[in-house]
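Worksheet: the structure to be examined is printed underneath.
The values are calculated or read from the model by the stated rules, or taken from the named source; none is laboratory data. Being a predicted model, the structure only gives us computed values, none of them experimental. So basically every Cβ, Gly included, is an ideal-geometry build from the backbone, and we count neighbours across all protein chains shown. In case anyone asks, the SASA skips ligands and DNA or RNA and just uses the protein heavy atoms, side chains included. Shrake-Rupley method; radii C 1.70, N 1.55, O 1.52, S 1.80 Å.
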There are 2 protein chains.
Amino acid sequence: MKKLLTIAIATGFGFSMQAHADRLSTELIKPIEPATITEPEKVELGKKLWFDPRLSMSGFISCNSCHNLSTGGSDNLPTSIGHNWQQGPINSPTVLNSSLSVAQFWDGRAANLQEQAGGPIANPMEMASSHVLAVDVINSIPQYREEFAKVYGSADVTIDNITDAIAVFEETLVTPNSRFDQWLKGDDKAITEQELAGYNTFKSIGCVACHNGPAAGGTSFQRMGVVEPYQTSNPAEGRAAVTGKDADRFTFKVPTLRNVELTYPYFHDGAYWTLEEATDVMARLQLGRKLDEQEIDNVVAFLKTLTGDQPTFTMPILPPSTNDTPRPQPFGIKQ
Amino acid sequence: MKKLLTIAIATGFGFSMQAHADRLSTELIKPIEPATITEPEKVELGKKLWFDPRLSMSGFISCNSCHNLSTGGSDNLPTSIGHNWQQGPINSPTVLNSSLSVAQFWDGRAANLQEQAGGPIANPMEMASSHVLAVDVINSIPQYREEFAKVYGSADVTIDNITDAIAVFEETLVTPNSRFDQWLKGDDKAITEQELAGYNTFKSIGCVACHNGPAAGGTSFQRMGVVEPYQTSNPAEGRAAVTGKDADRFTFKVPTLRNVELTYPYFHDGAYWTLEEATDVMARLQLGRKLDEQEIDNVVAFLKTLTGDQPTFTMPILPPSTNDTPRPQPFGIKQ
């Protein structure tokens, strides 16, 4: 890298472009491209469903409750708050750039975003509704039926169409144009010397072996604690829960580092709140490297260059319930 | 009214305008005017705080949780869900057009929106934070400090400035341009014959005696159950809790009827889910009138003409916490 840059500076603009083009092909982290919206009405419908608390039994929890688009697509809690204030088992991953992951959930048990979207709705610890109830609620609202008719050709709402619309909205939630991506695309001034030094450390000690691709993660499953075991009271087994293989115990999907500045606290148990701590722990446990303070500061400075343009959009106005809409049950069936 | 309209039709446009101008002066419900924004940066800051769950102890509940701007500025629950899933004591009133109320809360215990805004933050049943903690949290975030410095001339955030910014944002949450307001301003076609019939019933039986002004309510305190007592298990005492006067027992601020189509369930205990029921109960208990089905349908049709343009805005992106930000305590102090 250093050599390429030196050549670029030495030989002027033409060659410099060459060096920049090389970044795109040689660097293992790739830029995030803006979303291409081909079905705007489906996206709008999905956005409404994303924000609709009526998909939960309580009428209080929406997708956005735990994947808050005002706060990096996460809830900034160690583990989430679910129905009846139940404590969730694992840290809510950010929804931002989740379309770039090889699979969904920490253990990859959902193949794609649509499959994932059905999970929390029916999970008794999360939204605590059921697919039948969610469909009944949406079907009872004429404006939703109209929109589904327009988008899916039928006013009879199905759970597959609900989760498809949510997934299509989620696909738009990418964060292009981070300073790091500007640098990847050739703008030398987009990141500082310290940030570049941090990136070089990030590469040289091996972080990039797992945190790669456009999301700087999400491309593979890896054991948490390769060199040294990770101490946690969190009982999550990781990928073994999906594959049944003992070899997959404590193996998790590598989280994205995109917008990591916004998605504290860190790791599947949400046990670490600062990027300094998280960097130190990862270097030691995964790579057997004890970084000094300066190195950690540099890596953290680099990590903050991965914050991209956050999705901005108009908050949706939801169509009102009707007299026939099943009522929320925030405090049990007694009401 | 009918006479005026007849004259207007009979005598042509000039006279018709006269009749319309009369509506503005003679009708007791007045149109809602769009918000005039004189301090856009303060509004933007207030909007961020409105959506910021870090004003709650759990880091999960924001102003928008119970006054959801996607759902009529309310949570559509009988009573709200607070910290640790505690059941709130009273129905969350809509924030929409709340600046037009004579006072805030059902019992009017806050003189204005700023005073109101400080309540839920520190209420152990609601956001369960404290003013000291809320200030510490916001003060720990450099981007917030910068915005406060710009708007209030000092980067040292105070609870008064936090609640002032929230209140100034809330003042923008008005809903002009309802079909009823279009009719008030002279567009005869803006409401149907049935809706007009409903409005005439609404006036002739006396609803408008309390539901008047631009918010069609919020101008006075009235006893719930004037002719017949209101049966409820809700222990709220009403205005007596503020004045200490026995005469004020079960006296509440008259709720706005603006956007009432969106703000179900109804009354201070949120016990009624449909406008038909609510209309029937009000007519009987407050006015001693038993409306027939047609009359109720007409009044409900009229009430739905009070739905105005909902505030639309870009969802704010919140500045991230820092290593120094007090951490949320969603599940008690143990973490």
Residue that is farthest from the other protein chains (Cβ to nearest Cβ) [pool: residues in region A:303-335 that are β-branched (Val, Ile, Thr) and within 15 Å of A:Pro176 (Cα to Cα)] = A:Thr305
Log entry, pairs with first residue in region A:74-98 being at the interface with another protein chain (Cβ under 8 Å from one of its Cβ atoms), second being assigned to a helix (DSSP H, G or I), beta carbons closer than 6 Å, six or more apart or on different chains, reads A:Asp75/A:Cys66; A:Asn84/B:Trp85; A:Trp85/B:Asn84; A:Trp85/B:Trp85
Is there a residue in region A:287-296 that is open to solvent by 30 Å² or more (accessible area, probe 1.4 Å), at positive phi and outside any helix (DSSP H, G or I)?
-> yes
Can you name the residue in region A:255-286 that is part of a loop (DSSP other than H, G, I, E, B) and open to solvent by less than 10 Å² (accessible area, probe 1.4 Å) and is also nearest to A:Trp106 (Cα to Cα) among such residues?
-> A:His268
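Do the conditions hold for B:Ala149, that is, is it in a loop (DSSP other than H, G, I, E, B) and either under 30 Å from B:Tyr272 (Cβ atoms) or open to solvent by 20 Å² or more (accessible area, probe 1.4 Å) (or both)?
Spelling it out, it is not the case that B:Ala149 is in a loop (DSSP other than H, G, I, E, B) and either under 30 Å from B:Tyr272 (Cβ atoms) or open to solvent by 20 Å² or more (accessible area, probe 1.4 Å) (or both).
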Residues in region B:44-51: is at least one assigned to a loop (DSSP other than H, G, I, E, B) and either within 11 Å of chain A (Cβ to nearest Cβ) or modelled with pLDDT under 95 (or both)?
-> yes
Residue that is without any contact (Cβ under 8 Å) to a residue 60 or more places away in the chain and hydroxyl-bearing (Ser, Thr, Tyr), where the choices are A:Ser204, A:Ser129 | A:Ser204
From the option list B:Ser65, B:Ser58, single residue qualifying as more than 21 Å from B:Leu275 (Cβ to Cβ), in contact with a Pro (Cβ under 9 Å, 6 or more places away or on another chain) and part of a helix (DSSP H, G or I) is B:Ser65
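Would you call B:Asp181 over 16 Å from B:Gly46 (Cβ atoms) and either open to solvent by 20 Å² or more (accessible area, probe 1.4 Å) or of a type in the set (Asp, Glu) (or both)? Walk me through it before giving the result.
Details: over 16 Å from B:Gly46 (Cβ atoms): yes; either open to solvent by 20 Å² or more (accessible area, probe 1.4 Å) or of a type in the set (Asp, Glu) (or both): yes.
The answer is yes for B:Asp181.
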Which residue out of A:Thr158, A:Thr163, A:Thr192 is at pLDDT 95 or above, crowded, with 17+ Cβ neighbours inside 10 Å and among the hydroxyl-bearing types (Ser, Thr, Tyr)?
-> A:Thr163
Quick check, is B:Gly186 among the small types (Gly, Ala, Ser), modelled with pLDDT of 95 or more and outside any helix (DSSP H, G or I)?
-> yes
Applying the selection to region A:100-130, what residues are assigned to a helix (DSSP H, G or I) and surrounded by fewer than 16 Cβ atoms within 10 Å (Cβ to Cβ)?
-> A:Glu115, A:Gly119
